[in-house]
Amino acid sequence: MTPEIIALCMFGLLLTGLFMGHPLAFVLGGTAVLGTLIAGKPMVLGIVINRIFGDVLDNFTLIAIPLFILMARFLSDSGVTDKMFESLRLLLSNVRGGLALAVVFISILLAATTGIIGASITVMGVMALRPMLQYGYSPTLTTGVIAASGCLGILIPPSIMLILMASYSPLSVGELFAGAMIPGVLLGLLYAVWVVIVAIFDPKSAPAVEPDEKIERAALLRMLLIEALPPLVLILGILGSLLAGIATATEASAIGAALALGIVILRRKFEWKSFYSAMLETGRTSAMILFIVVGATAFTGVFNITGGLRATQEIIRGLDMAPWLLIVMMLFIVFILGAFLDWTGIVLLSFPIFLPIIQEMDVNLLWFVVLMALVLQTSFLTPPFGYALFYLRAIAPKEVRTGQIIAGVMPFIGLIILMCLAVALIPQLVLWLPHTLYTN
């Protein structure tokens, strides 16, 4: 059987398993096993098992993932976000779209301290969704800004997606964190600009809100600074130590988890029950990610050994496209896959195919990977399998329709594409900070 037919069979089995609703990890692993049988090479499974032990279980960079998840949970338990949102809500109460702007700004800060999409969207949804609807904000703008802003944590460091990308590419975690920093923050600010535009042209969708309690502006600013101090210390401890070269990604994640636990204790929020729950949730989430990584490693291992990987790469090379057109095609494939697959699966399936081709071209690898990370923002927002839509649907009141949630995220998908164009046309948005930090 030719490698091309094996590749088609494996992708066909993968899509069939996904559309039948089976978990991604088991679909990937099961397809790998069936792929060896189709190719008539069951002995390949022994090589794949060795590869799983070598590439996954011995990859110490991946230890950063559970530590960052634990840090996010500790920060959520500390109650810092609630106080920050309340003070920012009162500060911007007289500004049209002020509540939506508060959601964006808090989400940017939250993204730089968590990197967990489910946690960010759930926290912001619980805090902001009902108040915004009660104050007259349109359901589409409300759900759209919460869902899109909550997804910034997958792009703004420390991001578990960037850690995984670094683990399966020649790039370091520090380089990827530095490269994604400016595009991630700019994307958040672009969301804020969109809120302002909506507030100007459709005031009923984003009204000004009279504060329910009168507090002096100076007191509000002081409250905001006090509440923002712990997250800023956390950001400085993680990114400062990592980007300065003092700590590795794993060490920086340990620093972050320790600092977050310290914040919980100092704010007198520590409870053994919550601590146990945090450990349990961290173990559950980490196991889910690791199962997907193991399944994807098995899939790509079989795909590579049976010749499917090489055949797919040769097909792409044989298209004889201009480099920029080839990059657009790759990013479009990632965008389409985002509507059906989890980002973990997309990264682990596409990197072995795309990165060798990109390295053969006169294209900066860091720029391409950050551009791909930007496109993957849409994977949380695009129906039918956008996880942000599911998270928001779970906490939204019944009067908010699913159609309104989907309509709400559409402008933000457009803004992500606009940011991709900006990064494509101005590569220095990605390359300037890593070059400044890591070039002597």
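The values are calculated or read from the model by the stated rules, or taken from the named source; none is laboratory data. What you see is a predicted model, and the numbers here were worked out from it, not measured in a lab. Here the Cβ positions follow ideal geometry from the backbone for every residue, glycine too, while neighbour counts run over all protein chains shown. Accessible surface is based on the protein model in full, side chains and every heavy atom, while ligands, DNA and RNA are left aside. Shrake-Rupley method; radii C 1.70, N 1.55, O 1.52, S 1.80 Å.
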Förster radius 45 Å - calculated FRET efficiency between MET279 and MET20 (Cβ-Cβ, nearest 0.05):
0.85
Once Lys and Arg get +1 and Asp and Glu get -1 on their Cβ, which of GLY40, HIS435, THR382 lies farthest toward the positive end of the dipole of the chain?
THR382
Give me the percent relative contact order of the stretch 1-111, please, defined on Cα pairs under 8 angstrom at least 6 residues apart.
15
Can you tell me which of LEU341, LEU266, LEU224 moves the most in a GNM of the chain? Springs connect C-alpha atoms under 10 Å apart.
LEU266
Would you mind telling me the share, in percent, of accessible area of the stretch 232-296 contributed by carbon and sulfur at probe 1.4 angstrom?
71
Name the most mobile residue of ILE65, ILE336, ILE238, meaning the one with the largest mean-square fluctuation, in a Gaussian network model of the chain with Cα contacts below 10 Å.
ILE336
Accessible area of LYS269, 1.4 Å probe, to the nearest 10 Å²?
100
Kindly state, to the nearest 0.05, the FRET efficiency for ASN59 paired with ARG268, given R0 = 45 Å and r defined as their beta-carbon distance.
0.75
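Using alpha carbons only, what's the Rg to Rh ratio of the stretch 1-107 with Rh from Kirkwood? Kindly include the intermediate steps, with their values, before the conclusion.
Details: Rg = 23.8 Å, Rh = 18.6 Å.
The Rg/Rh ratio comes out at 1.28.
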Which percent of the accessible heavy-atom area of the stretch 118-224 goes to carbon and sulfur, probe 1.4 angstrom?
66
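In Å², what does the accessible area per residue of the stretch 313-440 work out to with a 1.4 Å probe?
Values: 5840 Å² over 128 residues.
It amounts to 46 Å² per residue over the stretch 313-440.
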1.4 Å probe accessible area per residue over the stretch 45-152, in Å²
31
Alpha-carbon Rg with Dmax, taken over the stretch 116-253, Å
18.0, 55
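Out of the stretch 37-122, which trypsin sites (Lys or Arg not before Pro) are coil in DSSP terms and have no more than 14 other C-beta atoms within 10 Å?
On the way: sites: ARG51, ARG73, LYS83, ARG89, ARG96; in loops: ARG96.
Answer in residue order: no site qualifies.
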Pick from GLY403, GLY79, GLY240 the residue whose mean-square fluctuation is largest in a GNM of the chain, springs joining Cα atoms under 10 Å.
GLY403
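Determine the relative contact order of the chain: mean sequence separation of Cα pairs under 8 Å and six or more apart, normalised by residue count, in whole percent.
On the way: 631 pairs, mean separation 119.0, N = 440.
This gives 27 percent for the chain.
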Here the Cα Rg-to-2.2 N^0.38 Å ratio for the stretch 247-401 is 1.35
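I need the per residue convex hull volume for the stretch 342-440, using only the alpha carbons, in cubic angstrom as a whole number.
Considering the Cα atoms of the stretch 342-440, their hull volume per residue is 127 Å³.
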For the stretch 240-385, what is the charge dipole size about the Cα centre, in debye to the nearest 20, if Lys and Arg each add +1 at the Cβ and Asp and Glu each add -1 at the Cβ?
620
Given a Förster distance of 41 angstrom, what is the FRET efficiency for ASP202 paired with LEU232, based on the Cβ-Cβ distance and rounded to 0.05?
0.75
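Using only the C-alpha atoms of the chain, find the volume of their convex hull and express it per residue in Å³. Walk me through the intermediate numbers first.
Numbers: hull volume 66.0 nm³, N = 440.
Dividing the Cα hull volume of the chain by its residues yields 150 Å³.
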Calculate, in whole percent, how much of the Cα-Cα pair population of the stretch 258-342 lies beyond 22 Å.
58
Interatomic Cα distance distribution for the stretch 137-195, bins of 5 angstrom, percent
4, 19, 23, 18, 14, 11, 7, 4, 1, 0
Evaluate the Debye formula for the stretch 361-413 with equal point scatterers sitting on the alpha carbons, no solvent, and hand back log10 of I(q)/I(0) at q = 0.20, 0.25, 0.30 Å⁻¹, in q order, two decimals.
-0.71, -0.92, -1.14
In whole angstrom, the spacing between the Cα centers of the stretch 362-411 and the stretch 127-150 equals 15
